[in-house]
1. Dipole of the range A:7-139 (Lys/Arg Cβ +1, Asp/Glu Cβ -1, origin at the Cα centre): which of A:Ile17, A:Gly109, A:Leu132 lies farthest to the positive side?
2. Tell me the GluC sites (Glu not before Pro) within the range A:167-265 that lie in a loop according to DSSP and have at most 13 other beta-carbon atoms within 10 Å.
3. Could you give each residue of the range A:353-365 its phi-based ³J(HN,Hα) in whole Hz, using Karplus coefficients 6.51, -1.76, 1.60 with θ = phi - 60°, and x for Gly or Pro?
4. Over 31 Å between Cα atoms, which of A:Lys46/A:Lys174; A:Lys7/A:Lys179; A:Lys53/A:Lys162 qualify?
5. Output the pairs from A:Lys86/A:Lys134; A:Lys275/A:Lys394; A:Lys327/A:Lys358; A:Lys65/A:Lys172 with a Cα-Cα distance over 22 Å in this structure; if there are none, say none.
6. Got a sec to turn the phi values of the range A:261-270 into Karplus ³J(HN,Hα) couplings, 6.51 cos²θ - 1.76 cosθ + 1.60 with θ = phi - 60°, whole Hz, x for Gly and Pro?
7. Have a look at the DSSP beta bridges in the range A:7-139 and tell me what percent are antiparallel, nearest 5.
8. Could you list which residues have their amide H under 5 Å from that of A:Asn128, counting only those 5 or more apart in sequence or on another chain, with H placed in the peptide plane?
Amino acid sequence: MSNKENKALNQLINVRIDKLNKIKERGYNPYPHIFVKEDKIVDIIKNIDEKKKYKTAGRIISLRKMGKASFLHILGSKEKIQVYVKTDLLPDSIYDDIVRNLDLGDFIGVEGTLFYTRTKELTLQASNIILLTKSIRPLPNLKEKDGKVFFAFDDKELKYRKRYLDLIANKKVKEVFIKRSQIVNNIRIFLNSIDFLEVETPILQPLYGGAFAKPFETYHNSLDRKLYLRIADELYLKRLIIGGIERVYEIGKDFRNEGIDRTHNPEFTMLEFYKAYSDVYDMANIVETMIKTIVKNLKIETINFNDNNINLNKEFNRVTFYDILEKHMSISIKDLSIDEIYKIINVKDVKIEENLSKGKLLDKLFSIFVEPNLIEPTFVFDYPIEISPLAKHKRDGAKDIVERFELFVGGYELANSFSELNDPIDQKNRFLEQIAEKSSSDENMKQLDNDFLEAIEIGMPPTGGVGIGIDRLVMMLTSTNNIKDVILFPTLKTF
RNA sequence: GACUCCGUAGCUCAGCUGGUAGAGCAGUGCCCUUUUAAGGCAUUGGUCGUGCGUUCGAAUCGCACCGGAGUCACCA
């Protein structure tokens with residue numbers, strides 16, 4: 001489809017502009033400043049009173065002109081209603097001046113009373129029609145009968161680039177975003193109710209950290225220096241735990257300069273929360289309770305996520321990384337050499353970098369053999385230390401295992417949590433190891449975050465922390481399998 | 001970043017073993033004061049994503065580019 005305006009489209013637009021001018025010439029303002037919408041369409045439908053005079057408004061989404069009378073549907077915020085317009089019930093010349101010049105897409109105000117048509121459809125019989133906005137550009141097809149859509153507007157490119165059309169044309173789209181808002185709202189209510197404080201930390205950061213990811217770079221002119229868009233909130237929220245805010249959370253955008261696919265958008269919404277005097281096991285309980293509370297409040301019965309029906313009301317499974325990996329691979333993991341792991345991965349025909357650490361390789365095995373099978377909600381505990389530089393050693397003394405969980409649902413990671421590392425010397429050494437490993441491939445990751453280390457040296461109490469990808473949570477709770485369908489304006493290439 | 005598929009009127013699509021375009025909806029005109037994917041009659045509208053090439057001739061074949069989708073890589 002051409003991006004350029006063409007003759008055909010301009011013809012359609014010009015026809016509407018002609019109507020607009022006619023309306024103006026006859027002394028009406030096609031763009032008035034305000035309309036007092038006394039009745040919402042949802043309320044009209046809910047409490048039907050055939051004696052009451054209603055005053056409502058909406059966008060015209062269907063229009064059937066029949067000489068001196070017309071039927072049309074107007075769409076409010078949630079619902080639509082049919083309107084019957086008849087010449088001799090309207091003031092003076094309104095029918096000829098306004099109604100004859102209406103188009104699909106226009107906003108009108110309607111005053112009138114309710115009745116049922118011969119075919120028993122609840123209809124507002126108009127005693128007055130007020131043009132509220134003239135639309136001059138044609139909408140997509142909106143033909144529909146009994147909820148069945150006939151020319152579904154589902155061109156992916158148009159949906160995402162022109163989301164306003166998607167919202168007008170597809171009722172379900174609006175419902176997903178309403179639910180998204182309710183989910184986030186419920187998270188806030190839940191965390192606030194157990195004394196967490198919501199904060200905002202910097203998105204523009206001189207150093208980035210808290211996750212493995214490539215950052216976006218930007219530049220501040222008067223400071224004359226490079227800044228990064230954050231890849232995680234973690235290191236700032238921990239500074240707040242150190243400062244004595246014992247329960248703290250942030251819901252905000254993180255930015256990761258990586259590929260785009262069904263489950264990844266370059267900017268995405270992250271919830272992170274930290275609780276002092278707590279550990280990873282306590283955090284798992286909080287996460288499970290939080291998700292179940294949302295599910296209960298939003299009355300979500302079962303969900304279908306990536307073709308799997310999932311029950312969120314059952315107790316979530318709890319397993320350990322090594323146990324579940326051995327179970328799915330049917331071999332002993334502990335004694336595998338790095339070469340042997342590479343051989344296994346090569347057999348699976350998966351592309352993989354060379355010279356990875358054993359921890360990374362085990363993680364790779366996990367993502368190949370285990371992750372797709374974790375359909376029912378499952379907490380996986382006890383991760384290899386190399387892939388968890390911010391987590392505490394396992395309390396039983398195991399050197400190569402940390403206290404961490406990831407929560408999987410429908411084969412995807414939903415949450416990540418640690419007993420947060422608060423030994424400043426250990427933390428510094430782990431950062432140094434990361435830098436040593438990274439420096440060959442990633443120039444940006446070479447700097448040590450001394451400010452964060454200094455904060456840890458002041459002393460951070462034992463702390464549990466969690467990160468949850470809100471977009472993925474919304475995907476799961478709305479049975480959506482593409483992240484673009486839960487982000488209003490997903491990142492797309494620009495022309 | 002790699003590979004596969006896709007891009008025809010405002011919208012949804014057909015046409016594709018090469019002979020320069022069709023339908024429905026929307027629009028326009030006339031008729032129609034309870035219709036509902038309103039209806040009847042008539043009618044406008046497209047340099048077939050962009051560019052280059054093969055050919056007497058390209059929406060149809062080839063190459064490049066621009067967008068999109070899907071798989072993989074990176075990753076949450």
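1. A:Ile17
2. On the way: sites: A:Glu175, A:Glu198, A:Glu200, A:Glu217, A:Glu234, A:Glu246, A:Glu250, A:Glu258; in loops: A:Glu200, A:Glu246, A:Glu258.
Passing sites in the range A:167-265 are A:Glu200, A:Glu258.
3. 5, 8, 6, 7, 6, 4, x, 5, 5, 4, 4, 5, 4
4. Working: A:Lys46/A:Lys174 20 Å; A:Lys7/A:Lys179 41 Å; A:Lys53/A:Lys162 37 Å.
With Cα atoms farther than 31 Å apart: A:Lys7/A:Lys179; A:Lys53/A:Lys162.
5. On the way: A:Lys86/A:Lys134 20 Å; A:Lys275/A:Lys394 18 Å; A:Lys327/A:Lys358 19 Å; A:Lys65/A:Lys172 28 Å.
Checking Cα-Cα distances, A:Lys65/A:Lys172 exceed 22 Å.
6. 8, 4, 10, 9, 10, x, 10, 8, 9, 10
7. Working: 30 of 33 bridges.
Roughly 90 percent of the beta bridges in the range A:7-139 run antiparallel, per DSSP.
8. A:Glu111
Only the coordinates and a few stated rules stand behind these numbers; no lab work does. The structure presented is a predicted model; accordingly, all values stated were derived computationally and were not measured. Quick reminder, even Gly has a Cβ in these numbers, built from the backbone with ideal geometry, and neighbours come from all protein chains shown.
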